[in-house]
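The values are calculated or read from the model by the stated rules, or taken from the named source; none is laboratory data. Only a predicted model underlies this, so the values are computations on that prediction, with no experimental measurement involved. For neighbour counting, all protein chains shown are included, and Cβ atoms are generated from backbone atoms with ideal geometry for every residue, glycine included. Just so you know, the surface numbers come from the protein's heavy atoms only, side chains and all, with ligands and any DNA or RNA stripped out. Shrake-Rupley method; radii C 1.70, N 1.55, O 1.52, S 1.80 Å.
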Amino acid sequence: MKYYLETYGCQMNKAESSALETILREKAWEPAPAEEANLVLINTCTVRATAENRAWGRIAQFAAGKKRFGYTIAVVGCMAEQYKDTMKERVPEIDYVIGTYQKQSFGLIADQIQAGTHFDLDDEKPVFQFSKTYHEPGAFRDFVPIMHGCNNFCTYCIVPYVRGREVSRSPEEILAELDSLEDLGVREITLLGQNVNSYSWKDADRTLDFPALLRLIAEHLRARHAGGQSQSKGIGWIRFLTSHPKDLSPELIDVLASEPVYCKHIHLCLQSGSNKILASMNRKYTREYFLDLVDRMREAIPGLSLSTDILVGFPGETDEDLEATLDAMRQVRFSYAFMYYFNPREGTAAVNLPGKLPDKVKKAHLARVIEVQKEITSNLMQERVGCVDEVLIEGQSRRSSKELVARTARDEMVVFRGEMSRIGQFARVRLLSISGNTFKAEEVHE
Ligand code: SF4
């Protein structure tokens, strides 16, 4: 049996696609081009209109090819949850619309496709389950979902509606997943959740929040490595995505400052530097809180780098609000930012907010933040030239077969000359110069 998989959207979706692939591969299915596949699987995103339109376009293409190639079409992800009642009416060629809470039935669906029968999803009681990470043989970085959903209801965001409320994964399951990935040679893990630092686990014996989970993971890995398992090839770096500023507690800062396994880089979404806009977005923090949080983090964690998301063109955003965002960006000096302008998503509260800005103004605001961020990134990179830092070697450079591509814990791209046999290992390099967004470097053995 063969499958073709297409994924849209965030890291969470990519991790979920990996989990679906694990199920298929465990059943001896193989990846193939769509024309040869028994199953075309589309994992969708509805956070932005562009991703949604692209997915609709691809679904229509696959629907048009269905008669000729005879595959089954299944749609999963946020669009499947959002449009679960109407998707098949719009595209009758779709065989399965698998919502967020029906993914646990995916294995049964695959079995039925193989048997040439149909599985009725309506018979399944909706419940969310975490699935095992699919590990690409030879890969040394993997993503491990630890929580799912979001309770925050930022007024522009569709996630709480399509992913549901927050559900956390059991610590035992997380540790077991880390152990099995480490045994497969994984060196870097990213813990994933829409709102990762509001992780919360409760059972009869204990309550565990995100800092407590991070301590547990660090202690577990230390004990494992001290016991000789995977000592020199074990997990060396752990990152996490995405952090909400309101849930970034002093305890979390303490863990990050004291446990070296956690990368000194945090993606912390600012969205706007204007208190008026932050309130209208329902972000639940102020500009002053954010800036103070950054100061406290930087004081506790020397060398910490921060990246962010910036959303401009929100209803009611004035030039003054935009200036407040630019000013906050200049104060924090994010190493990079994902920048986008407001596009109303049907079903979210922001759709009904007054003061919508014309596209021309939104684009002009976006151009300003991009320009300012470019300058900040460039200045930060200049300041880093001459520094010695640790990197994880990711692969061969596309430009030269003699060069390796690597990444620092601060999420900076680096190329340097070295043997291909070093891929997947840590090294120390001196940053020598800058080419675009990448550092040229040399290995140091100090
Ligand atoms: S925190 Fe806000 S932006 Fe992030 S997923 Fe939740 S609702 Fe969406």
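Details
- Filter result for residue 277 (β-branched (Val, Ile, Thr), touching a residue at least 12 places away in the same chain (Cβ under 8 Å) and under 27 Å from residue 150 (Cα atoms)): yes
- Any hit, region 358-371, residues being touching a residue at least 60 places away in the same chain (Cβ under 8 Å), open to solvent by 20 Å² or more (accessible area, probe 1.4 Å) and more than 28 Å from the chain's Cα centre (by Cα): no
- Residues satisfying the stated conditions in region 291-316, i.e. open to solvent by 10 Å² or more (accessible area, probe 1.4 Å), of a type in the set (A, V, I, L, M) and closer than 15 Å to residue 254 by Cα: 300, 304
Let's see how each residue does on (1) more than 16 Å from the ligand (Cβ to nearest atom); (2) assigned to a loop (DSSP other than H, G, I, E, B); (3) closer than 30 Å to residue 189 by Cβ:
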site	(1), (2), (3)
47	no, yes, yes
59	yes, no, no
73	yes, no, no
80	yes, no, yes
93	yes, yes, no
110	yes, no, yes
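- All told, residue 349 meets the bar of being over 14 Å from residue 307 (Cα atoms), of a type in the set (Gly, Ala, Ser) and surrounded by 13 or more Cβ atoms within 10 Å (Cβ to Cβ).
- Subset of region 39-88 [under 24 Å from the mean Cα position of the chain (by Cα), hydroxyl-bearing (Ser, Thr, Tyr) and crowded, with 20+ Cβ neighbours inside 10 Å]: 44, 46, 83
- Residues of region 268-289 satisfying the condition of being in contact with an Asp or Glu (Cβ under 7 Å, 6 or more places away or on another chain) and part of a strand (DSSP E or B): 271
- Among (1) in the same structural domain as residue 326 (by TED's automatic domain parsing); (2) out of contact with any helix residue (DSSP H, G or I) (no Cβ under 6 Å at 6 or more places or on another chain); (3) away from the ligand (no atom under 16 Å from the Cβ), the one test that residue 301 misses: (2)
- From the list 113, 94, 23, the one residue that fits, being in contact with an Asp or Glu (Cβ under 9 Å, 6 or more places away or on another chain), of a type in the set (Val, Ile, Thr) and open to solvent by less than 50 Å² (accessible area, probe 1.4 Å), is 113.
- Hits in region 135-151 (condition: within 16 Å of the ligand (Cβ to nearest atom) and not polar (S, T, N, Q)): 145, 146, 147, 148, 149, 150
- The helices (runs of 4 or more DSSP H) falling completely within region 152-267 that include 2 or more residues that are at pLDDT below 95, away from the ligand (no atom under 16 Å from the Cβ) and surrounded by fewer than 16 Cβ atoms within 10 Å (Cβ to Cβ) map to 171-183, 210-226.
- One residue from 434, 376 being modelled with pLDDT of 95 or more and open to solvent by 50 Å² or more (accessible area, probe 1.4 Å): 434
- Against the conditions (1) more than 23 Å from residue 148 (Cβ to Cβ); (2) within 14 Å of the ligand (Cβ to nearest atom), residue 282 satisfies every one except (1).
- Neighbours by Cβ (under 7 Å, 6+ apart or cross-chain): first from region 322-340, assigned by TED's automatic domain parsing to the domain that holds residue 410; second part of a helix (DSSP H, G or I): none
- Residue within region 269-283 that is buried (at least 20 other Cβ atoms within 10 Å of the Cβ) and charged (D, E, K, R) present: yes
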